Amino acid sequence: MLPKTKADIVEATETVKTYARELGFDMVGITSAESFSKTEEVALERIREGLMDGLPWYHEARVKRGCRPKEILPGARSIIAVAMSYMTDDSKQDGDALRGRVGRYAWGQDYHKVMEHRLRVFVQGLSERLGQTIQAKIYVDTGPMLDRAVAERAGIGWYGKNTNVLTRSHGSWVFLGQVVTDLELEPDKPLKKTCGQCTLCIDQCPTGAIVAPYVIDNTKCISYLTIECRGPIPRHLRPLIGDWVFGCDICQDVCPVNRKAKPTREPAFQPGEHGFTALELLPLLEMTEAEFKEKFRTSPIKRAKRAGLLRNVCVALGNIGDPSAVPSLVSALHHDEPLVRGHAAWAFGRIGGPDAMDALEQALATESDEGVREELGLALDLSAER
Ligand code: B12
Ligand code: SF4
Ligand code: SF4
């Protein structure tokens, strides 16, 4: 193939950007395939300091590979970074059912699937438009690359102190993805914006998970605790989770940049018929495995797995503290998963009252799991104090 002229590169870059927008990506930027050396340093430091604990799949080898695009795709020259908004209106919840909050990113369909499919169409179509076969690797939170670092270097947005990438037009309510490719394209420049003196996200995070500007302690973040954490939620953090049952948006809800965020154009991210802006809690406690799989089939919520979601539901009910939850929570005290039984016990301890005490004593008489027995004992002490 003949070497490309500057004009060819500019034309190809224009084609890439126009086509990405045609396919519904709200933002598109280009960066080189050079290594992300500073990012690698930062991420390895986070791992060594224990700030990424709890995510066994997030290890040093993964970070190193993800920060070296030419190891991912030999011959890589450019990375096409894309962002899609998931900002939708809060739908009004009628009635007085007990509800738990869901992170906005999970209100609609699973973005991994939606964006990955769209990027496959993009790469295919691009090859046709440019008249050449393109080597490409696609990622949407689906591989070792650090999606935020790519987006920042490609000028899509800047790092907020809550570590999210903030964009001018859509705030931080954007999903990020990228295509590593052998195409030669004109790189964009990173933006020069910063958070300035603002510290709202740090001040408002209920668990103190933003331990310094741009640094999250994963083990304290409600998003980790309600989505990725597979075991018990540390007891001292449970009261701070409030009514979040999947993810957390507090550090984004308070962000002034997000006040002007434009809504998404993407129908798949609308809560619609199959989406969830909030979950009605009590029916979830009765849900079978098959019902769980069916209800959350196309939703990111399935990642928590049924036991994890029910654990979260128990924590939220304990924090809401409404005694009308007691009859449903009794069934959770006898759930087949010890994880759920233990957190149901904790919820009873928080709600307190004679009915809760009775339920706890009856469960203690038959419970054989040591961890759950400990939870039951602590819950009895707590409800006795109330
Ligand atoms: C692990 C992970 C998590 C973990 C850890 C979060 C974290 N902050 O690291 C948990 C489970 C807690 C999590 C939560 C959420 N996540 Co998440 N997560 C990831 C994942 C898989 C890797 C992130 C990572 O590498 N973290 C390690 C640290 C080192 O990287 P970092 O936070 O990006 O840090 C950068 C900056 O802090 C910056 N930096 C560091 N020091 C300094 C210093 C200065 C001065 C500056 C300017 C910058 C700077 O450089 C770092 C490296 O790029 C990515 C997908 C991917 N493959 O990249 C999604 C991803 C980051 N998550 C995403 C989302 C949507 C969320 C949630 C909003 C979901 C929710 N509602 O609950 C929350 C937000 C919580 C928060 N405040 O970060 C989006 C973020 C989109 C965006 N606009 O930024 C991503 C990119 C997925 C995607 N493809 O869209 N997530
Ligand atoms: S997602 Fe919630 S818990 Fe995590 S850093 Fe933001 S405000 Fe804190
Ligand atoms: S709340 Fe303030 S400090 Fe935090 S990300 Fe937004 S602008 Fe930056």
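The table below gives the values:
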{"read-out": "Estimated FRET transfer efficiency when R0 is 51 angstrom, pair Lys137-Asp369 (beta carbons, to 0.05)", "value": "0.70"}
{"read-out": "Among Met287, Met87, Met52: highest mean-square fluctuation, GNM of the chain, C-alpha pairs under 10 Å", "value": "Met287"}
{"read-out": "Calculated [θ] (222 nm, deg cm²/dmol) that DSSP helices of n ≥ 4 give over the chain, each run adding -39,500 (n - 2.57)", "value": "-12000 deg cm²/dmol"}
{"read-out": "Whichever lysines have a C-alpha closer than 27 Å to that of Lys189, once near sequence neighbours (fewer than 8 apart) are set aside", "value": "Lys4, Lys6, Lys17, Lys38, Lys64, Lys70, Lys137, Lys161, Lys260, Lys262"}
{"read-out": "Region 257-272 - phi-based ³J(HN,Hα) in whole Hz, Karplus 6.51/-1.76/1.60, Gly and Pro as x", "value": "4, 6, 5, 9, 5, 6, x, 6, 9, 8, x, 5, 9, 6, x, x"}
{"read-out": "Sequence ranges 213-223, 231-241, ranked by mean other-Cβ count within 10 angstrom, highest first", "value": "213-223, 231-241"}
{"read-out": "Separation in nanometres of the label points that stand 7 Å from Cα toward Cβ, at Ser35 and Ala290", "value": "5.4"}
{"read-out": "Per-residue HN-Hα couplings for region 98-110 [Karplus 6.51, -1.76, 1.60; θ = phi - 60°; Hz; x = Gly/Pro]", "value": "6, 10, x, 7, 10, x, 3, 4, 10, 6, x, 7, 4"}
{"read-out": "Mean Cβ neighbour count within 10 Å, used as a protection proxy, ranking 320-329, 128-137 highest first", "value": "320-329, 128-137"}
{"read-out": "Cα gyration tensor category, rounded, prolate or oblate, for region 39-114 with a/c compared to 1.5", "value": "oblate"}
{"read-out": "Calculated FRET efficiency for the pair Glu60/Val215, C-beta based, R₀ 25 Å, to 0.05", "value": "0.90"}
{"read-out": "Highest average packing first - 265-272, 42-49, Cβ atoms within 10 Å", "value": "265-272, 42-49"}
{"read-out": "Region 288-367, relative contact order [Cα under 8 Å, separation at least 6], %", "value": "28"}
{"read-out": "For region 200-385, alpha-carbon Rg and Dmax in angstrom", "value": "17.6, 56"}
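Values quoted throughout were computed directly from the atomic coordinates according to the rules given, and no laboratory measurement underlies them. Every value quoted in this text rests on a predicted model; they were computed, and no experiment measured them. Methodologically, a virtual Cβ is constructed for each residue, glycine included, from the backbone with ideal geometry; neighbour enumeration extends over all protein chains shown.
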